[in-house]
């Protein structure tokens, strides 16, 4: 079966990029991640085990591809600001992204990172990345996008950078924000009794409930609580989830709480809030599962970005 395009999935996590581009009839020809738990989830869904540490994999062992995708970790560049581009990235995981772009020369790439990369190291990190991509022959466009503007009720801002080979002479445009048609009320299971919060968290929550403001959502109100500590609880009841982060895997109180039901969001609910289909398999149901979801890209957002890119290639 011939596919429209091929892509590689670096720092693949649980496969958010793979799902998003697969929906556009793309074929994944290589994936890589070092997290054993994420790799188990990836295998459970795609029947392929990602390769290990990409920094130890020569470019010659990576298949040719049309699009490179990577949600790479943001690290300080040891000599950032020296304006040496590619050389400045050595010792970081972005260096391996750049190395593969240099050696394989795919038509395009999609990179994802936290919004803080824009101001990281007083802007030196982003400047080095953009200079490097320019040196490697790519025209780049970047923007901070929010998942709530692309089909899922989650307030999640992420830096997205898209590049195309200069010789293609094309101009990429980011998708326009959409009106949200799905709220937390539509996603959460209102009858579920699982994932009850601890007595301590329940006590902390009760001491702050007077802070909850009335919502205009009427009967479809869902109040969400995060950062449940004696001195602080953050509430949200506008139908949108707070950002799901990898910190959900470091302790129970970091998982968002459905206040009216006095329970944590379930793994399945968190997957839906990240745009994963109901058929997605999550073999690790504990905090490792929550961590993997928080580390993932939002599938719907990446799908809409990729759709705009693929039509240019």
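The rows are residues; the columns are (1) in contact (Cβ under 8 Å) with a residue 60 or more places away in the chain; (2) more than 24 Å from residue 191 (Cβ to Cβ); (3) part of a loop (DSSP other than H, G, I, E, B).
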position	(1), (2), (3)
272	yes, no, no
276	yes, no, yes
280	yes, no, yes
283	yes, yes, yes
292	yes, yes, no
304	yes, yes, no
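Applying the set (1) within 25 Å of residue 278 (Cα to Cα); (2) not in a loop (DSSP other than H, G, I, E, B) to residue 179 leaves exactly one unmet item: (2). Scanning segment 119-158 for residues that are in a strand (DSSP E or B) and surrounded by fewer than 20 Cβ atoms within 10 Å (Cβ to Cβ), we see that the one that is farthest from the chain's Cα centre (by Cα) is 139. Take the conditions (1) surrounded by 15 or more Cβ atoms within 10 Å (Cβ to Cβ); (2) part of a loop (DSSP other than H, G, I, E, B); residue 235 misses just one of them, which is (2). In segment 260-276, the qualifying residues are those that are surrounded by fewer than 23 Cβ atoms within 10 Å (Cβ to Cβ) and closer than 18 Å to residue 225 by Cβ, and the one that is modelled with the highest pLDDT is 269. Selection of segment 238-258 for residues being modelled with pLDDT under 85 and in a loop (DSSP other than H, G, I, E, B) yields only 251. It is to be established whether one or more residues within segment 22-34 are without any contact (Cβ under 8 Å) to a residue 60 or more places away in the chain, touching a helix residue (DSSP H, G or I) at 6+ places or on another chain (Cβ under 7 Å) and not in a strand (DSSP E or B). Taking every residue of segment 22-34 in turn, at least one turns out to be without any contact (Cβ under 8 Å) to a residue 60 or more places away in the chain, touching a helix residue (DSSP H, G or I) at 6+ places or on another chain (Cβ under 7 Å) and not in a strand (DSSP E or B). Within segment 162-188, the set of residues being surrounded by 12 or more Cβ atoms within 10 Å (Cβ to Cβ) and out of contact with any strand residue (DSSP E or B) (no Cβ under 9 Å at 6 or more places or on another chain) comprises 178, 180, 182, 183, 185, 186.
Do we find that residue 230 is touching a helix residue (DSSP H, G or I) at 6+ places or on another chain (Cβ under 9 Å), surrounded by fewer than 15 Cβ atoms within 10 Å (Cβ to Cβ), under 30 Å from residue 106 (Cα atoms) and touching a residue at least 24 places away in the same chain (Cβ under 8 Å) in this structure? So residue 230 does not fit the description; no.
The values are calculated or read from the model by the stated rules, or taken from the named source; none is laboratory data. None of these values were measured; they are calculated from a predicted model. All Cβ positions, even for glycine, are placed from backbone atoms using ideal geometry, and neighbour counts span all protein chains on display.
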